[in-house]
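Working notes, beginning with the structure itself.
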Amino acid sequence: MAGATAPLLGLEKKSLREQALAALRTAITSGELAPGRHLVETELSEMLQISRGTLREALRQLEQEGLLSAGPRGRLSVRHLDAKEIRDIFSVRAALESLAARTLCELPDRDYVIRSLRTAIGAMEAATHGTLEERIETDMDFHRTMCLLTGNETLLHSWESLEGSIRMSIMFAGLDKGVKNMSVDRHHEIVAAIETGDATLARNTIRDHMDQAADNLVA
């Protein structure tokens, strides 16, 4: 009987860790936990009602995602992004999404890809009058879908590892700057470039999109 209960305990622990991870990630990317704030384990574990061991696992994951940074004696704080870091993030993002665009252009049948990306743009249009968080989610979903459709799991995983930092850069820039990067027309340009099958055009469209996005955020 004892052997049968062990896996259930493991699932329960994993669930707590994942819930804590999601709650902390949201608090950071929404600005509830402000940039530069030092994290106190006892305070957070009490707020989340989890053990300090489970909390540390979640914090290690967030550090790997680039949302937290370690200071003297390993003390963690919410990462503060400066202009150079934002440009670096979007430079790497441009490289990943340029690869995605090239891969999609090389597909012999792009009909499903184009339909899926246009559906994602439709969601962006529907969220136009929503909250900043809703608009960010639909914008991120468009770019995530583009990477997912390549079938390249390593590419998708690499893009997802930047997701938290991308959200932070948008949230911290504020509504006006963030919204400039969520133009539906600009995303239609990306889809149109991929639809042509011209890999060079698609890559250049992505790079221009990301260069402008970074410029908007650090302006």
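Out of everything in the stretch 102-139 that is assigned to a helix (DSSP H, G or I) and of a type in the set (Asp, Glu), what residue ends up being modelled with the lowest pLDDT?
The selected residue is Glu133.
Quick grid of which residues meet (1) within 25 Å of Gln19 (Cβ to Cβ); (2) in contact with a helix residue (DSSP H, G or I) (Cβ under 6 Å, 6 or more places away or on another chain); (3) of a type in the set (A, V, I, L, M); (4) open to solvent by 20 Å² or more (accessible area, probe 1.4 Å):
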| site | (1), (2), (3), (4) |
| --- | --- |
| Leu67 | yes, yes, yes, no |
| Pro72 | no, no, no, yes |
| Arg102 | no, yes, no, yes |
| Glu106 | no, no, no, yes |
| Thr128 | no, no, no, yes |
| Met140 | yes, no, yes, no |
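Within the set of pairs 6+ apart or on separate chains, which have a first residue in the stretch 103-120 that is under 20 Å from Leu201 (Cβ atoms), a second that is in a loop (DSSP other than H, G, I, E, B) and of a type in the set (Asp, Glu), and C-beta atoms under 9 Å apart?
Filtered contacts from the stretch 103-120: Cys105/Asp198.
Select from the stretch 99-109 the residues that are within 12 Å of Met146 (Cβ to Cβ) and not aliphatic (A, V, I, L, M) and list them in ascending order.
Residues satisfying the conditions are Arg102, Thr103, Cys105.
Return a yes/no flag: does the stretch 147-160 have any residue that is touching a Leu at 6+ places or on another chain (Cβ under 6 Å), farther than 22 Å from Ala83 by Cβ and open to solvent by 60 Å² or more (accessible area, probe 1.4 Å).
Within the stretch 147-160 (the criterion being touching a Leu at 6+ places or on another chain (Cβ under 6 Å), farther than 22 Å from Ala83 by Cβ and open to solvent by 60 Å² or more (accessible area, probe 1.4 Å)), the answer is yes, since at least one residue qualifies.
Pick from Arg110, Arg79, Arg115: which is within 25 Å of Asp215 (Cβ to Cβ) and open to solvent by 10 Å² or more (accessible area, probe 1.4 Å)? Before you say what the answer is, go through the steps one by one.
Values: Arg110 fails: within 25 Å of Asp215 (Cβ to Cβ); Arg115 fails: within 25 Å of Asp215 (Cβ to Cβ).
Answer to the selection: Arg79.
The values are calculated or read from the model by the stated rules, or taken from the named source; none is laboratory data. Keep in mind that what you see is a predicted model, and the values were worked out from it rather than measured. Neighbour counts are summed over all protein chains in view; Cβ atoms, including those assigned to glycine, are modelled from backbone coordinates with ideal geometry. Note: areas computed on protein heavy atoms with side chains; ligands, DNA, RNA excluded. Shrake-Rupley method; radii C 1.70, N 1.55, O 1.52, S 1.80 Å.
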